[in-house]
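Below is one structure, written out as structure tokens; comments come after it.
The values are calculated or read from the model by the stated rules, or taken from the named source; none is laboratory data. Computed from a predicted structure; not experimentally measured. Don't worry about glycine lacking a Cβ; one is built from the backbone with ideal geometry, like all the others, and counts go over all protein chains shown. Accessible surface is based on the protein model in full, side chains and every heavy atom, while ligands, DNA and RNA are left aside. Shrake-Rupley method; radii C 1.70, N 1.55, O 1.52, S 1.80 Å.
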Amino acid sequence: ETVIIDLNGDGEDEVINYSLKKVHDDSYSYYKVNNLTISGVEYAKEDSENPLGSLGMNIYYPDDQWYFIVDIDASDDYKEIAIADAGPSDDFTTSFLRYDGSELEYIGYVTGYPTDDTYSMDGKGTIHSQGRLDLIQYWTTVFTWKLGSEGKLVSVEQDLYSPISNDW
């Protein structure tokens, strides 16, 4: 899929090409990142085990339906590329990339997908999304992340995490 948009606020549109390829394993099929190119510069290493590993990220099972262009903080010049990932054991996450006009940088991930009911982004640098509590079975709660001073997503510690009921 090709998207044309100004990712870094310089008034020039970038051309983003992102594609997946279907991999057939012994007992199942899945998708992996095949290509991520911005204005002719290749950022995914085709046919490697971790095509986006050079950016410091690992996408296990990218969603084959979509990726997103989002604006985490409307007061800065950037729009971010968000890649949804089913994770190694259905630990759904969304990873974010930022392009400054010459380099693509991984800025972090949050649990869940932007399409989830509990997912919200306020446009002021804060994202809320549901994730596992890592205790007492598979209870989940809503976590918060903010863009830190260095432009990376950081988890915001909360005094209390209230479990959300899941209908498993």
Item to check | For segment 51-168, with +1 on Lys and Arg beta carbons and -1 on Asp and Glu, the positive-most of S54, I81, L147 along the dipole | outcome: L147
Next on the checklist: What distance in nm lies between label points placed 7 Å from Cα along the C-beta direction at L160 and D100?
Outcome noted: 4.1
Next on the checklist: What distance in nm lies between label points placed 7 Å from Cα along the C-beta direction at E42 and V70?
Outcome noted: 2.9
Next on the checklist: Rounded to the nearest 20 debye, what is the charge dipole size of the chain about its Cα centre when +1 sits on each Lys and Arg Cβ and -1 on each Asp and Glu Cβ?
Outcome noted: 340
Checklist entry - Under 5 Å between amide H atoms, partner at least 5 residues away or on a different chain: which partners does Y31 have, H built in plane at 1.01 Å? => result V23
Item to check | Cα-projected label distance for K22 with D77, points at 7 Å along beta-carbon direction, nm | outcome: 4.2
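Using unit Cβ charges (K, R positive; D, E negative) and no other charged atoms, how large, in debye to the nearest 20, is the dipole of segment 11-91 about its Cα centre?
On the way: 5 positive and 19 negative charges, 66 e Å.
Around 320 debye, computed over segment 11-91.
Skip the ligands, DNA and RNA, and give the accessible area per residue of the chain with a 1.4 Å probe, whole Å².
On the way: 9570 Å² over 168 residues.
Per residue, the chain has an accessible area of 57 Å².
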Next on the checklist: Please list, short to long, the whole-number percent of alpha-carbon pairs of the chain in consecutive 10 angstrom bins beginning at zero.
Outcome noted: 10, 37, 35, 16, 3
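Using a 1.4 Å probe on the protein heavy atoms, what percent of the accessible area of segment 19-168 belongs to carbon and sulfur? Let's see the in-between values first.
On the way: 3980 of 8570 Å².
Its accessible area is 46 percent carbon and sulfur atoms.
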Next on the checklist: On a straight-distance basis, which lysines could pair with K79 in a cross-link, Cα separation under 18 angstrom, same-chain partners fewer than 8 positions away excluded?
Outcome noted: K124, K146, K152
